[in-house]
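Data block below; observations after.
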């Protein structure tokens, strides 16, 4: 019994770490994507306006 307990804790810590890593990477990529999208829409609007007039 005492031998299985640390392994359980290690697995739990690994799982927690993976979850945190996944969440942070998702948040970071969403922010990056959002910034890129914003920049892209702004540049397209400018191009469209310059083409229109």
**Asked** Which length gain, in nm to one decimal place, applies between residue 41 and residue 19 when the Cα-Cα distance is subtracted from 0.36 nm times their residue separation?
**Response** 4.7 nm
**Asked** Put a dot 7 Å past each Cα toward the Cβ at residue 5 and residue 29; how far apart are the dots in nm?
**Response** 3.9 nm
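Just so you know, all these numbers are worked out from the coordinates, no wet-lab data involved. All values derive from a computational prediction rather than experimental measurement. Using ideal geometry, Cβ is built from the backbone for each residue, glycine included, and neighbour counts are taken over all protein chains shown.
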